[in-house]
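**Student:** A single structure is presented below for examination.
The values are calculated or read from the model by the stated rules, or taken from the named source; none is laboratory data. The structure displayed is predicted, hence computed values, not measured ones. Cβ: placed from backbone, ideal geometry, glycine included. Neighbour counts: every protein chain shown.
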Amino acid sequence: MSTEEAAPRPNTPVGTYDLVVVSNRLPVDKVTRPDGSVEWRTSPGGLVTALEPVMKQADGAWVGWAGVADDESEPFEHDDISIVPVTLSAADIEEYYEGFSNDTLWPLYHDVIAPPTYHREWWESYVRVNQRFAEKAASVTATDGTVWVQDYQLQLVPKILRELRPDLTIGFFNHIPFPAYGIFSQLPWRAQIIEGLLGADLIGFQRAADAGNFTRAVRRLLSFTTKGTAIDVPIDEEISEAIEPARVSTSRRGSLVRTVHARHFPISIDTQSFEDLARRPDIQARAKEIRAGLGNPKVVMLGVDRLDYTKGIGHRLKAFGELLADGAVTVEDVTLVQVASPSRERVAAYQQLRDEVELTVGRINGDYSSISHTAISYLHQGYPREEMVALYLASDVMLVTALRDGMNLVAKEYVASRFDDDGVLVLSEFAGAADELKSALLVNPHDIDGLKESILEAIQMTKSERTKRMRALRKRVRDYDVSRWSTAFLSTLTDPSGTPSYVATKWGASDR
Ligand code: G6P
């Protein structure tokens, strides 16, 4: 048997792209202007920020949804990336995207901070839409090509894709946490999800703990043998002939198995591009203008999040409100800028969160703001990257208080922007970034007193301490940027035995 024998299923169309990324959202959103003309605009979100540079380098294609209902656009080129749109109807958006992805999986995978909703119709829609994404990816990928599937919205794609195209090498990366079995096991379709993911050759997670939770779920639900990062997936002989020989072996029990690897690859950002922006004189001038606009307070604190209940915005506001109430800080000295970009606005939990956050902001501002100084500048808007970097430069303290977060790229963006080695990062220990950014002030956001103490510590920190910490943080974010992340993932996907030391030694925590 040779690799040449691996072949697509008869009747499955084959494409031309050697590397295909599949994600729910395309890196561009389709925007229709009032005059009816169409514009493709780079879409927000950590995933896009992370993968854009990878795709620009590779001659690859990106399969995903354009962000609007019933869009039937043909594939096109945008900014050096080949874009292959997948159509979602209004019902798909409601059931697959807002429903199963963001009202079932999202809260479940974030440790049930909000209660997950289980609807059988949503699951059926998730299956149908995953099938559609897999078929589209199968049709554009070249023989023996590589497909890299992204995130929780598409966990069934690896298995479907493997059935359609056994010749492909398939990777999957989960950008959000993978919960402990006690939580994951709530899911009525838990076995199907695990089987879907096991269609991949390599399954990547943000933290070692996520990979461990997944491997335990595999053992509990399917009783497959696991050893370190390797999982033995039993296969029958017919299928084994289509798979690359290096990935097939005989288990101790004498049956044929395909080896799948599950391990962590902490995602990062395009660090240099943030530093380059921060060094631009016009952006530094804008940072000064922002501070002046805030009344030149001694300390500017900043929160930047999608308006999501996982981000701990309420906990942050509570701590700041109490510091004002205690008289530990005053609005003349300390102000908080909270950017909360609109997100998933048709999902009830997000609507409720918006009401709660805006009520709290209104109360704190009503109680403590003066005519000349506002306690909290609350901005329910998204901003271009230039403006974000100006905000990072303008802020003395960055507050990342997520209750659960796969990584949190905002923490890394702040650090990457602070080429002046100044600024203090207050970082939740429940964000994946805390595994790497150990020189931040690490906090448990549930402990409001502890959070208040850390905020005061950040405000009062000496310049030399700030510099020392920021230098250490910057070293980490510079050394491990997004291209290092994608290279590590893709090289491990190609050769699972080739680079384990990269993960085990360079990223701190070792594999199980
Ligand atoms: C998180 C998820 C991404 C998602 C992004 C924005 O970062 O991991 O998959 O694209 O949030 O959310 P949205 O629902 O607007 O795509």
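**Student:** Please tell me if Arg219 is of a type in the set (D, E, K, R), surrounded by fewer than 17 Cβ atoms within 10 Å (Cβ to Cβ) and farther than 12 Å from Gln155 by Cβ.
**Tutor:** For Arg219, the condition - of a type in the set (D, E, K, R), surrounded by fewer than 17 Cβ atoms within 10 Å (Cβ to Cβ) and farther than 12 Å from Gln155 by Cβ - is met.
**Student:** If you scan the range 384-402, which residues turn out to be modelled with pLDDT of 95 or more, within 16 Å of the ligand (Cβ to nearest atom) and either of a type in the set (Ser, Thr, Tyr) or assigned to a helix (DSSP H, G or I) (or both)?
**Tutor:** Met388
**Student:** Quickly run through the range 362-397 and pick out the residues that are of a type in the set (Phe, Trp, Tyr) and under 21 Å from the mean Cα position of the chain (by Cα). Reasoning before the result, please.
**Tutor:** Step one: filter the range 362-397 for residues of a type in the set (Phe, Trp, Tyr), giving 368, 378, 383, 392.
Once the filter is applied, which keeps residues that are of a type in the set (Phe, Trp, Tyr) and under 21 Å from the mean Cα position of the chain (by Cα), the range 362-397 yields Tyr383, Tyr392.
**Student:** If you go through the range 38-48 one residue at a time, do you hit one that is of a type in the set (D, E, K, R), modelled with pLDDT of 95 or more and within 16 Å of the ligand (Cβ to nearest atom)?
**Tutor:** no
**Student:** Moving to a separate point now. Can you run down the residue pairs with Cβ atoms below 8 Å, 6 or more apart or on separate chains, where the first is in the range 229-243 and over 22 Å from Thr215 (Cα atoms) and the partner is assigned to a loop (DSSP other than H, G, I, E, B) and not aliphatic (A, V, I, L, M)?
**Tutor:** Ile239/Pro166; Ala242/Pro166; Ala242/Asp167; Ile243/Pro166
**Student:** Do we find a residue being within 15 Å of the ligand (Cβ to nearest atom), touching an Asp or Glu at 6+ places or on another chain (Cβ under 7 Å) and not β-branched (Val, Ile, Thr) anywhere in the range 89-100?
**Tutor:** Yes, the range 89-100 contains a residue that is within 15 Å of the ligand (Cβ to nearest atom), touching an Asp or Glu at 6+ places or on another chain (Cβ under 7 Å) and not β-branched (Val, Ile, Thr).
**Student:** I'm trying to understand the selection: among the residues of the range 99-124, which are polar (S, T, N, Q) and over 19 Å from Asn213 (Cα atoms)?
**Tutor:** Of everything in the range 99-124, those that are polar (S, T, N, Q) and over 19 Å from Asn213 (Cα atoms) turn out to be Ser101, Asn102, Thr117.
**Student:** Pick out, from the range 142-253, the strands (runs of 3 or more DSSP E) lying fully within it that include 3 or more residues that are on the phi < 0 side of the Ramachandran plot and hydrophobic (A, V, I, L, M, F, W, C).
**Tutor:** 169-173, 202-205, 230-234
**Student:** Let me ask something else about it. Within the range 349-361, is there a residue that is within 16 Å of the ligand (Cβ to nearest atom) and more than 21 Å from the chain's Cα centre (by Cα)? Quick ask: steps written out before the conclusion?
**Tutor:** Step one: filter the range 349-361 for residues within 16 Å of the ligand (Cβ to nearest atom), giving 349-351, 353-354.
Right, trim to more than 21 Å from the chain's Cα centre (by Cα) and you get 351, 354.
Yes - at least one qualifying residue is present in the range 349-361.
**Student:** Can you name every residue in the range 146-185 that is closer than 15 Å to Ser101 by Cα and more than 16 Å from the ligand (Cβ to nearest atom)?
**Tutor:** Phe184
**Student:** If Thr310 satisfies every condition in (1) buried (at least 23 other Cβ atoms within 10 Å of the Cβ); (2) more than 16 Å from the ligand (Cβ to nearest atom); (3) of a type outside the set (A, V, I, L, M) but one, which is the exception?
**Tutor:** (2)
**Student:** Another question, if that's okay. Is it true that Ala211 is under 26 Å from the mean Cα position of the chain (by Cα), surrounded by 21 or more Cβ atoms within 10 Å (Cβ to Cβ) and more than 28 Å from Met407 (Cβ to Cβ)?
**Tutor:** So Ala211 fails the test.
**Student:** So, in the range 471-493, of the ones that are touching a helix residue (DSSP H, G or I) at 6+ places or on another chain (Cβ under 7 Å) and among the hydrophobic types (A, V, I, L, M, F, W, C), which residue ends up surrounded by the fewest Cβ atoms within 10 Å (Cβ to Cβ)?
**Tutor:** Ala488
**Student:** Pairs please, first residue from the range 56-80 and not assigned by TED's automatic domain parsing to the domain that holds Thr146, second anywhere and buried (at least 18 other Cβ atoms within 10 Å of the Cβ) and not hydrophobic (A, V, I, L, M, F, W, C), Cβ atoms under 7 Å, 6+ apart in sequence or on different chains.
**Tutor:** none
**Student:** Also: Could you pull out the residue among Ala390, Ala394, Ala375, Ala402 that is surrounded by fewer than 23 Cβ atoms within 10 Å (Cβ to Cβ) and among the small types (Gly, Ala, Ser)?
**Tutor:** After ruling out the rest, the residue left standing is Ala394.
**Student:** A further question follows. Kindly indicate the residue of the range 344-369 that is among the hydroxyl-bearing types (Ser, Thr, Tyr) and out of contact with any Gly (no Cβ under 9 Å at 6 or more places or on another chain) and also nearest to Val300 (Cα to Cα) among those meeting that condition.
**Tutor:** Looking only at the range 344-369, we keep the residues that are among the hydroxyl-bearing types (Ser, Thr, Tyr), and these are 350, 360, 368-369.
Then keep just the ones that are out of contact with any Gly (no Cβ under 9 Å at 6 or more places or on another chain); that gives 350, 369.
On the way: Tyr350: 27, Ser369: 15 Å.
Residue satisfying both the conditions and the ranking: Ser369.
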